Each structure stands twice: as C-alpha cells, then as structure tokens.
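Comments concern the structure below.
The values are calculated or read from the model by the stated rules, or taken from the named source; none is laboratory data. For clarity, every value in this text was computed on a predicted model and none was experimentally measured. Backbone-built Cβ (ideal geometry, glycine too); neighbour counts: all protein chains shown.
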Amino acid sequence: MTLPLTPLDWIALAVFVLCWMGYATVVDRVPAIRARSVIAAMDEHRRIWMRAAITRENRISDISIIGNLMSSTSFLANTSIFILGALVAMLGTPDLGRRIFSAVPFAAVPPEDSAWEIRVFLLIFIFVRAFFELTWALRQFNYTSICVGGLGGTPDSVPQALVAAEVANRAARHFNTGLRAYYFGLAALAWILHPAALILSSLLVLRELHRREFRSVVREALALRDPPPDRHAA
C-alpha cells in the first residue's frame, strides 16, 4: 500500500521527528547537556526544598505547593482529552475540516481523505502521548505528597527527603515531556496547511524550547548559587 504523501511530505515528517525525538534524546539522555538545562537546575532546587521540609513541623505549605503542581498537571491532562475529542471529530468530517483550513492563504490542504487522516492521526498520537505522560506525572506528584507526609523531623530523615525529591523530580520530567508534546502538537497542526509549514513550525518550536531550557533568564537565575544583587536597592 502506497501512502498518499509527496516527497516534500516525507521530508517535512522526517524533520518533525528529528526535531522532537532528537531534541528529547539529546537533552534527556546526555548528562553533560542535561546538566546545563533549566530542568536540571530545578531538580537541585527540589532537593533543597525537601531538605528544608524536614526542619518544619507544619508542612501545610509543602502540601499546598504539591497541590498547585497537581492542579496545573491535571489541567493539561484534561485539556488533552478535549483535544483528542476534537481530533476524532475532525476524522469524521474531513470535508468540513478541509474547507476551513483551505481558507488560509497559501494553504495546500490535501484533497484525499487518506492524506487528511494521516495528518489527524499524527496529532492524535501526539496528544495521546501527552495524556499518558501528564497523568503519570500527576500520579507521581501524588506519591510525592505521601512521601512528604511521612518525613521525620530529624537529620536522620535526610534519606527520606532525598527519596521525596527524586519522586518529585521524576514527576517534573514527565510533566515536561507532556508539555513538550503540546509544543510539537502545535507544530504538527501546521502540516494540514502545507508540508513547508510543518518544517518551519518544527524548527521554530525547537528553537524556542532550546532558548527556554538553556538560554533563558530563568535558567540563569535558577543556576546561580548566590542570589544576584538587588538592582533596585538604594
């Protein structure tokens, strides 16, 4: 069976996969590169947080922080379900979908139903992955709250605190993977318009992810061992 894809479609799809999977593999699995990311910096801050939690008798604030993390994760997980419902509806009404996207200037919407379905199935795959990553992150944040609840209040509880930090760090990594799927899901949406749009959007998402995770002001601030001077001080 021959897929109804042009050579430019295959090139665009290859660029998309390379940008997404290649970036994730390098950033998540190469220790020297990952150590310079905002994700690694936040891992250390979560360890500091859990060590500090040992010194507090009342840990309501710690549980509240975990609750906020769970709320944002739950919001994205629920949103991915709504997106999946809309994508399934797009499969059922290809003519209406093509007519809407064809109104965009310079759009080259595929005329064949099979080509349209391939594009929609790619989006479905992306957001199914996002849903699984986010729900697993949600469960791990829940496990973190239990670990925090079981922390003692003595220096002997440091190993328990490090366990809680590791669970929280794993949850954050899966949350980041799910969020990354959202970014590349937006890039994949451009394939409906034109294969060249998929290439351009994939490269733009790759650039933005790299900037936020390695070259942002937030990353520099989190990586500082000493607080920066107050520029507004008299």
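Structure notes:
- Flag for residue 134 being at pLDDT 95 or above and either touching a helix residue (DSSP H, G or I) at 6+ places or on another chain (Cβ under 6 Å) or within 26 Å of residue 8 (Cα to Cα) (or both): yes
- Flag if residue 76 is outside any loop (DSSP other than H, G, I, E, B), crowded, with 19+ Cβ neighbours inside 10 Å and under 27 Å from the mean Cα position of the chain (by Cα): yes
- Yes/no for residue 36 being part of a helix (DSSP H, G or I), under 24 Å from the mean Cα position of the chain (by Cα), surrounded by 12 or more Cβ atoms within 10 Å (Cβ to Cβ) and among the charged types (D, E, K, R): no
- Test result for residue 93, among the polar types (S, T, N, Q) and under 23 Å from residue 177 (Cα atoms): no
- Candidates are the residues of region 86-110 that are of a type outside the set (A, V, I, L, M, F, W, C) and surrounded by 11 or more Cβ atoms within 10 Å (Cβ to Cβ); the one that is nearest to residue 4 (Cα to Cα) is 110.
- Residue check for residue 118: in contact (Cβ under 8 Å) with a residue 12 or more places away in the chain and not in a loop (DSSP other than H, G, I, E, B): yes
- Flag if residue 83 is under 18 Å from residue 169 (Cβ atoms) and either touching a strand residue (DSSP E or B) at 6+ places or on another chain (Cβ under 7 Å) or modelled with pLDDT of 90 or more (or both): no
- Selection count where residues are in contact with a Ser or Thr (Cβ under 8 Å, 6 or more places away or on another chain) and surrounded by 18 or more Cβ atoms within 10 Å (Cβ to Cβ), scope region 136-168: 7
- Residue list for region 44-60, restricted to those being without any contact (Cβ under 8 Å) to a residue 60 or more places away in the chain and assigned to a helix (DSSP H, G or I): 44, 48, 52, 60
- Wholly enclosed helices (runs of 4 or more DSSP H) of region 127-234 bearing at least 3 residues among the small types (Gly, Ala, Ser): 158-189, 195-214
- Applying the set (1) more than 29 Å from residue 25 (Cβ to Cβ); (2) surrounded by fewer than 19 Cβ atoms within 10 Å (Cβ to Cβ) to residue 215 leaves exactly one unmet item: (1).
- Annotation for region 13-31: at least one member residue is assigned to a helix (DSSP H, G or I), hydroxyl-bearing (Ser, Thr, Tyr), in contact (Cβ under 8 Å) with a residue 12 or more places away in the chain and surrounded by 11 or more Cβ atoms within 10 Å (Cβ to Cβ).
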